[in-house]
1. List pairs: first residue in the range 55-78 and closer than 18 Å to ARG108 by Cβ and at pLDDT 95 or above, second residue surrounded by fewer than 17 Cβ atoms within 10 Å (Cβ to Cβ) and polar (S, T, N, Q) anywhere in the structure, Cβ distance under 6 angstrom, at least six positions apart or on different chains.
2. Could you list all residues from the range 161-179 that are aliphatic (A, V, I, L, M) and closer than 18 Å to ASP224 by Cβ?
3. List the number of the failed condition for PHE176; all other conditions in (1) in contact (Cβ under 8 Å) with a residue 40 or more places away in the chain; (2) farther than 17 Å from ALA252 by Cβ; (3) aromatic (Phe, Trp, Tyr) hold.
4. On the given criteria, is VAL24 β-branched (Val, Ile, Thr) and under 20 Å from ASN262 (Cα atoms)?
5. Is the range 202-223 home to any residue that is farther than 20 Å from ARG130 by Cα, part of a helix (DSSP H, G or I), in contact with a helix residue (DSSP H, G or I) (Cβ under 9 Å, 6 or more places away or on another chain) and of a type outside the set (A, V, I, L, M)?
6. Report, by residue number, each residue of the range 166-179 that is assigned to a helix (DSSP H, G or I), of a type in the set (Gly, Ala, Ser) and out of contact with any helix residue (DSSP H, G or I) (no Cβ under 7 Å at 6 or more places or on another chain).
7. Please specify each residue of the range 77-86 satisfying the condition of being surrounded by fewer than 16 Cβ atoms within 10 Å (Cβ to Cβ) and either under 15 Å from the mean Cα position of the chain (by Cα) or hydrophobic (A, V, I, L, M, F, W, C) (or both).
Amino acid sequence: MPHVTTADGVKLYYEETGTGTPIVFVHEFLGEYRSWEAQMRHFSRRYRCIAFNARGYPPSDVPSRVEDYSYEHQRAGILAVLDGLGIERAHLVGLSMGAFATFYFAMRWPQRALSITLAGIGSGSPAASREQFAHEARESAQALLRDGWPASARARATTGTRVQLLNKSPRAFEEFVGHLASHSAEGSARTLQGYQAMRPSLADFGAEMAACTVPTLIICGDEDEPCLDASLMLKRAMPSAGLYFMPQTGHACNLEEPDLFNAACERFFHQVESGRYAMRDPRAAPGRML
């Protein structure tokens, strides 16, 4: 199986297809490399596409220590993919947990990103919800270790920000649940404990966001309530960011609306590659309302 090895010796499984400018897809907590199939098929016509599994998601390694799942390890996983495949710069596309990793990566190694796409980002980041999110992450970890994925996959896939996929495409939903049921309960639990519950807030990177010149696209479903305010915050804080809301869409926006998602990303990539993606004009944020 193809894999790259991180600095701390963890093997990360990946798949790639196509040739051209690289795109690296970074999956969400309930996702994996297969979650990006609609994007891999579409973009591989013109791009070199790579999707990989984070640590804790077989066939990637599943370290046993919680401390091996920190946000630093997660963003370094993206670096390991780029270095292992000899890629100097790439478009980075992340969803939810993967969007956080992509954001953290760009704050640390902006020179390695042609662009960043942050989809479904922000759950648990606002100060008012940090404590609740961390509590729920630790509670979910214990439940996973107790019950396992096969017994809980369907329930975890039908929360308030995910029922949209079931309603729109029962077939896609069943495929999603099948993939989820095959995940490692230990790896997912350690991810919840070490990464989700302990990651820094987006707002902790205020200075980096204000100085960021990496072209950024923020994508959010308008029914993804935990991410709405954070998406607006990022748009306001990052002069390099554009914001796209997808109507009647929940959290797994790339699965729910693959055509809309792909079109938004493709237009963004073309603007970046043609040199036409600009920083926000200061005149676009006037102090007056009229």
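1. Note: no pairs meet the criteria.
2. Going residue by residue through the range 161-179, those that are aliphatic (A, V, I, L, M) are 163, 165-166, 172, 177.
If the condition is that a residue be aliphatic (A, V, I, L, M) and closer than 18 Å to ASP224 by Cβ, then VAL163, LEU165, LEU166, ALA172 are the ones that fit.
3. So the condition that PHE176 fails would be (2).
4. Working: β-branched (Val, Ile, Thr): yes; under 20 Å from ASN262 (Cα atoms): yes.
Considered against the rule, which asks whether it is β-branched (Val, Ile, Thr) and under 20 Å from ASN262 (Cα atoms), VAL24 comes out as yes.
5. Looking through the range 202-223, at least one residue is farther than 20 Å from ARG130 by Cα, part of a helix (DSSP H, G or I), in contact with a helix residue (DSSP H, G or I) (Cβ under 9 Å, 6 or more places away or on another chain) and of a type outside the set (A, V, I, L, M).
6. As a first pass, look at the range 166-179 and keep what is assigned to a helix (DSSP H, G or I): 166-168, 170-179.
Those still in the list that are of a type in the set (Gly, Ala, Ser) too: 172, 178.
Once the filter is applied, which keeps residues that are assigned to a helix (DSSP H, G or I), of a type in the set (Gly, Ala, Ser) and out of contact with any helix residue (DSSP H, G or I) (no Cβ under 7 Å at 6 or more places or on another chain), the range 166-179 yields only GLY178.
7. none
Matching residues to (1) in contact with a Lys or Arg (Cβ under 9 Å, 6 or more places away or on another chain); (2) under 22 Å from ALA241 (Cβ atoms); (3) among the polar types (S, T, N, Q):
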site: ARG75; (1), (2), (3): yes, yes, no
site: ALA137; (1), (2), (3): no, no, no
site: SER140; (1), (2), (3): yes, no, yes
site: SER169; (1), (2), (3): no, no, yes
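The values are calculated or read from the model by the stated rules, or taken from the named source; none is laboratory data. Note that this is a predicted model, so its numbers are computed, not measured. Methodologically, a virtual Cβ is constructed for each residue, glycine included, from the backbone with ideal geometry; neighbour enumeration extends over all protein chains shown.
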